[in-house]
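Single-structure report; data block below.
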Amino acid sequence: MSNHNGLTYSGQTNSQNPVWQGPLNSIAFDEQGIKTKLLNLTQACYVVKKQGQLGVTNDGELTDATATDIETLTAVPPLLPQQLGNPRFLEAYGVKYAYTTGAMANGIASEEMVIALGKAKMLASFGAGGLVPSRIEEAIKRIQAALPNGPYAFNLIHSPKEPTIERDTVDLYLKYGVRTVEAAAFMNLTPNIVYYRAAGLSLNSDNQIDIKNRVIGKISRREVATHFMQPAPTKILKQLQAQGLITELQATLAEKVPMADDITVEADSGGHTDNRPLVCLLPSLIALRDEIQEKQGYATPIRIGAGGGIATPHSALAAFMMGAEYVVTGSINQACLESGSSTHTRTLLAQIGMADVMMAPAADMFELGVKLQVIKRGTLFPMRAQKLYDLYTTYNAIEDIPPAEKRKLEQQLFRKPLETIWQETVDYFSKRDPEQISKAANDSKRKMALIFRWYLGQSSRWANTGEKGREMDYQIWAGPAMGTFNDWVQGTYLAKPQNRHVVDLAHQIMTGAAFLYRMQNLKLQNLSMSTAYWHYVPTIRC
């Protein structure tokens, strides 16, 4: 049976079904009224037929009463955004939604962002990657002052070329009692992440293991996920115990719990990414978790979340339907007012489409050939960074680069003599990690890499500070999800970057996902609706 208001019901009616009873004036038969009823997620939704016309209401109830002239077709229960995901995630972190914002390095995921979301009872991770310990310490003090009871997390990024920074960061987290870290870019377990995890283990009054230091592993490879899903390696634990960093009891307990409480499956995302499709990666790591859980029998199973590509209600719901127990957003938050990005950067991010991104060499793993995803619209950074990597792989020293090529670098990219860049590099690492300079003293290839990394490092800072005259060198991390988000909010108040706030985005995405879930539920019950009903459009700030 079809209806002029865009509703069509193809199911079979049965006189034995429960009957709706309620106020007749609560039934909406017009398109706008029906959409309002569908959007009322706090109440049940009943689809009825009166005199051949289909309508929707939130009022009344289903009863065993005798059928009336109002025929009951189908119904769906209330569905709040809080019901999506794993309720144990909400309990563990004391949050409202199974939704988090991931860490974007160099403070792009800023104190303002973490505090705003934390006050709204949502978990956010501070972007500590790329920052010196003193800067991270400032952030810890500020966030803890604003959120003494949380929730908040801090990023711990693997730094293979700067192990001292990684260790100093862990020391800070332990010193200040940072109880949740988001571990990112790890290719294997290091003593630093194991130290953080084990140092927070103890036995409670019921003689059960108490895990004070939570780890959320952001991972895109099965082999890496395996490390984080299993207990810490005995060899590393013995080393830490021998150094007096952990006790014998902590070493013993660490062999009975997984390295991570949660694993964020990182699909195609901004920044460091393997460009993996979520529809392939998420089921694979869920299956891996189940396999390891069966063998280990952990008291609390590891939760699996989804990040990378989450930017709209549709993508969030898709992740939940595939089994994600929480979702993580990234690129879209950089375009919000609370991010550590500049106004120019936020404006660019609000303009890009899905195809306006590409891979470019990463500063922190430059020598390894690791790449990250950045925008290519409005900047020449991706091409210029690739040029530096090509020179690095072609020559063994700065002195080997042809004079004409060297002049071009000094005039276009560095805008200074390379000798000056080297001195600035020496000054920088003398404060951050002096060992880098000593290693480069007798290694011309390493020296060249450090000089080239100057540009890659500065380009990210320029994008954050809004360095005038360097706009074409801005390194802006983002994935195709940024373009998807822009498409979704086109024509709404969220199209303008000055209207984007992280808390509002979270509410809109989670509310929209719950709404779409309701719509899919009704569709499965043989109710077809015109496309006008399916669009969840942000109309007012939540």
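The values are calculated or read from the model by the stated rules, or taken from the named source; none is laboratory data. Keep in mind it's a predicted model, so treat the numbers as computed, not measured. Every residue, glycine as well, gets a Cβ built from its backbone with ideal geometry; the counts of neighbours run over all protein chains shown. SASA here: full protein model, heavy atoms, side chains in, ligands and nucleic acids out. Shrake-Rupley method; radii C 1.70, N 1.55, O 1.52, S 1.80 Å.
How much length is gained if the chain between Arg461 and Gln386 is pulled fully straight, taking 0.36 nm per residue apart and subtracting their Cα-Cα distance, in nm to one decimal? Don't jump to the answer; show the numbers that get you there.
Details: separation 75, 0.36 × 75 = 27.00 nm, distance 1.83 nm.
Contour length minus the Cα-Cα distance gives 25.2 nm.
With an 8 Å Cα cut-off and a minimum separation of 6 or more residues, compute the relative contact order for region 119-274 in percent. Spell out each step's value before the answer.
Values: 230 pairs, mean separation 30.7, N = 156.
Relative contact order here is 20 percent.
Can you tell me the dipole magnitude for the chain around its Cα centre, using point charges on the Cβ only (Lys, Arg +1; Asp, Glu -1), in Debye to the nearest 20? Don't skip to the end; give the middle numbers.
On the way: 54 positive and 51 negative charges, 168 e Å.
Dipole about the Cα centre, nearest 20: 800 debye.
Cut-off 19 Å, label point 7 angstrom out along Cα-to-Cβ of Asn204: give me the residues of region 89-119 whose amide nitrogen falls inside.
Label zone hits: 89-95.
Give the percent of DSSP beta bridges with both residues in the chain that are antiparallel, rounded to the nearest 5. Can you show the working numbers first?
Values: 30 of 57 bridges.
Restricted to the chain, the bridges split so that about 55 percent are antiparallel.
What span do the alpha-carbon atoms of region 75-116 cover on each of the three principal axes, reported in whole Å from largest to smallest?
48, 21, 15
For the chain, list the DSSP H helices whose alpha carbon atoms reach 27 Å or more along the long axis and whose average Kyte-Doolittle value is -1.0 or above? Intermediate results must be reported in sequence, preceding the final value.
Details: long enough: 444-465 (32 Å, -0.66); 502-524 (33 Å, 0.53).
Passing helices, by number: 444-465, 502-524.
How would you rank 413-425, 358-370, 322-334, highest first, on the average number of other Cβ atoms within 10 Å across their residues? Each step should come with its number before you reach the end.
Details: 413-425: 15.9, 358-370: 19.0, 322-334: 25.6.
Listed from highest to lowest mean packing, they are 322-334, 358-370, 413-425.
Putting +1 on Lys and Arg Cβ atoms and -1 on Asp and Glu Cβ atoms, find which of Ala363, Leu317, Ile236 reaches farthest to the positive end of the dipole of the chain.
Ala363
Could you run the Debye sum over the Cα atoms of the chain, one equal point scatterer each and no solvent, and tell me log10 of I(q)/I(0) at q = 0.11 Å⁻¹, two decimals?
Scattering profile of the chain, log10 relative to I(0): -0.99.
Can you put Lys431, Lys119, Lys49 in order of accessible area, largest first, using a 1.4 Å probe? List each step's numbers first, then the result.
On the way: Lys431 185, Lys119 145, Lys49 40 Å².
My answer, sorted largest first, is Lys431, Lys119, Lys49.
Rounded to the nearest 0.05, what FRET efficiency is calculated for Arg222 and Asn25 with R0 set to 60 Å and r the Cβ-Cβ distance? All intermediate terms of the calculation are to be shown ahead of the outcome.
Numbers: r = 58 Å, r/R0 = 0.96.
For Arg222 and Asn25, the calculated efficiency is 0.55.
Using each residue's phi in region 322-339, evaluate 6.51 cos²θ - 1.76 cosθ + 1.60 at θ = phi - 60° and report the 3J(HN,Hα) Karplus result to the nearest Hz, with x for Gly and Pro.
Here the 3J(HN,Hα) series is 7, x, 5, 9, 6, 10, 10, 9, x, 3, 5, 6, 5, 8, 8, 5, 7, 6 Hz.
How charged is the neighbourhood of Thr394? Take every other residue with its Cβ under 11 Å from the Cβ of Thr394, and add Lys/Arg as +1 and Asp/Glu as -1. Don't skip to the answer; put the middle values down first.
Numbers: positive: Lys387; negative: Asp390, Asp400, Glu405.
Neighbourhood net charge equals -2.
Magnitude of the Cβ-charge dipole of region 416-517, K/R +1 and D/E -1, about the Cα centre, nearest 20 debye?
Working: 13 positive and 11 negative charges, 37 e Å.
Once rounded to the nearest 20, the dipole reads 180 debye.
Under a point spin-label approximation (7 Å from Cα along Cα-to-Cβ), what is the Asn442-Ser284 distance to one decimal in nm?
4.3 nm
Rounded to two decimals, what ratio of Rg to Rh does region 378-434 give with C-alpha atoms and a Kirkwood Rh? It would help to have the intermediate numbers written out before the result.
Values: Rg = 12.6 Å, Rh = 12.6 Å.
Over the Cα atoms of region 378-434, Rg/Rh equals 1.00.
Please report the relative contact order for region 1-110, taking Cα pairs under 8 Å with a sequence separation of at least 6, and give it as a percent rounded to a whole number.
Result for region 1-110 is 25 percent.
Which pairs break 23 Å Cα to Cα here: Lys218/Lys447; Lys119/Lys431; Lys376/Lys496; Lys212/Lys238; Lys408/Lys445; Lys376/Lys447? Kindly include the intermediate steps, with their values, before the conclusion.
Numbers: Lys218/Lys447 31 Å; Lys119/Lys431 35 Å; Lys376/Lys496 20 Å; Lys212/Lys238 21 Å; Lys408/Lys445 20 Å; Lys376/Lys447 28 Å.
From Lys218/Lys447; Lys119/Lys431; Lys376/Lys496; Lys212/Lys238; Lys408/Lys445; Lys376/Lys447, over 23 Å: Lys218/Lys447; Lys119/Lys431; Lys376/Lys447.
Which order, highest average first, do 4-10, 58-64 follow once you tally other Cβ atoms within 10 Å for each residue and take the mean per peptide? The partial results should precede the final answer.
Working: 4-10: 16.4, 58-64: 14.9.
With the highest mean Cβ count within 10 Å placed first, the list reads 4-10, 58-64.
Would you calculate the separation in nanometres between label points at Tyr395 and Asn275, each defined as 7 Å from the Cα along the Cα-to-beta-carbon direction?
The two pseudo-label positions are separated by 2.8 nm.
What full-extension length gain, to one decimal in nm, is calculated for Val370 and Met187 as 0.36 nm per residue of separation minus the Cα-Cα distance? The partial results should precede the final answer.
Working: separation 183, 0.36 × 183 = 65.88 nm, distance 1.18 nm.
Difference between extended and current length: 64.7 nm.
For the chain, build the charge dipole from Cβ charges (+1 Lys, Arg; -1 Asp, Glu) around the Cα centre, then report which of Ala116, Leu245, Gln412 sits farthest towards its positive end.
Toward the positive end, the furthest listed residue is Gln412.
Excluding ligands and nucleic acids, what accessible area in Å² is computed for Arg197 using a 1.4 Å probe, to the nearest 10?
10 Å²
Normalised by the number of residues in the chain, what is the relative contact order in percent for Cα pairs under 8 Å and 6+ residues apart?
Working: 1020 pairs, mean separation 82.1, N = 542.
Reported relative contact order: 15 percent.
Solvent-accessible area per residue for region 121-260 at a 1.4 Å probe radius, Å²?
Numbers: 5670 Å² over 140 residues.
It amounts to 41 Å² per residue over region 121-260.
Mind putting together the pair-distance distribution for region 367-524? All Cα pairs, 10 Å bins, whole percent per bin, short to long.
The distribution over region 367-524 is 9, 29, 27, 14, 13, 6, 2, given as percents.
Using a Förster distance of 56 angstrom, determine the FRET efficiency expected from the C-beta separation of Ala242 and Gln43, and round it to 0.05. Mind dumping the intermediate values first?
Working: r = 61 Å, r/R0 = 1.09.
The formula returns an efficiency of 0.35 here.
In nm, give the distance between the simple-model label positions of Gln144 and Val132, each being 7 Å from the Cα along the Cα-to-Cβ direction.
Taking the two extended label points, one gets 2.1 nm.
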